[in-house]
Amino acid sequence: MRSAGCCLNDVADRDFDRHVKRTADRPVTSGKLPAKEALAVGAVLALCAFGLVLTTNITAIAWSFAALAIAIIYPFAKRYVAMPQAVLGVAFSFGIPMAFAAVQSRVGAVAWLLLLGNLFWVIAYDTEYAMVDRDDDLKIGMKTSAITLGRFDVLAVFVSYVLYLVIWLNVLSSQLNHAPAAIYLIALGLALGQALWHIWLIRKRQRDDCFKAFRLNHWLGFTVFAGIALSYAAL
């Protein structure tokens, strides 16, 4: 679904992306790949994802339509929503309620709290991403969190990271006993250290540093994942 979403996003943004230095050479934007072909690939990928959902249960199948709707809405949110990163956050985080639906045949409060926490993580790293293109986006009239937040962008990224980690700490610690929870706490501490490093990188709002901070988020995510996996392994 991530790849299918990228296909739709690149087609929807092709007229904007040619005016942004970082995205001007994307296949659809540059004309190397026809828009119809990109949409066809996206449709095939989405159908493959739906085929996987069909192996689960009726609850997960029902929620998959909501997930698809959000994935379709996001590329156009950047034209109308002041914080499109929040829409992206819901789209990227929807795998959480989908997983709960597939395993438990229901989506409880824990799933939505984890989605909320993950939403703040997406806002944090995608704002870093948006800071890279802020000058170009201002020229073409694109809406992003980096533009909306203005001089409070770095502070908002930090607050978003903290909210992500605090929410996940509170939700998952309640699911663990004391010994494994200590492992998880250490992992979140390491993740917080990485978040602080990202803030240091973006403090001057330089393009290369903001893009570096964005790209380093896979390590932050891996640290949180490793903490969860090790905690449950110790149960």
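Values as computed for the structure displayed
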read-out: Label point distance in nm, Y80-H19, each placed 7 Å from Cα along Cα→Cβ; value: 2.0
read-out: Length gained when the stretch A62-H218 is fully extended (0.36 nm per residue, less Cα-Cα span); value: 53.2 nm
read-out: Gain in span if fully extended, V44 to A233, counting 0.36 nm per residue against the direct Cα distance; value: 64.4 nm
read-out: FRET efficiency for R205 and R106, using Cβ-Cβ distance with R0 set to 35 Å, rounded to 0.05; value: 0.20
read-out: Formal net charge of residues neighbouring A124 (Cβ-Cβ distance under 14 Å; K, R +1; D, E -1); value: -2
read-out: Debye, to nearest 20: dipole size of segment 139-235, +1 on Lys, Arg Cβ, -1 on Asp, Glu Cβ; value: 520
read-out: 222 nm mean residue ellipticity, helices alone, for the chain (DSSP H n ≥ 4; -39,500 (n - 2.57); rounded to 500); value: -25500 deg cm²/dmol
read-out: DSSP H segments from the chain that extend 18 Å or more along their own axis, Cα-based, with Kyte-Doolittle mean of -1.0 or above; value: 35-53, 58-80, 109-132, 153-173, 178-202, 217-233
read-out: Mean separation of Cα contacts under 8 Å (6+ apart) over length of the chain, as relative contact order %; value: 17
read-out: Separation of the L185 and I72 label points, Cα + 7 Å toward Cβ, nm; value: 4.7
read-out: Charge dipole (debye, nearest 20) of the chain; +1 at Cβ of Lys and Arg, -1 at Cβ of Asp and Glu; value: 260
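Coordinate-derived values only; no laboratory data. Just so we're clear, the structure is a prediction, and the values are computed from it rather than from any experiment. All Cβ positions, even for glycine, are placed from backbone atoms using ideal geometry, and neighbour counts span all protein chains on display.
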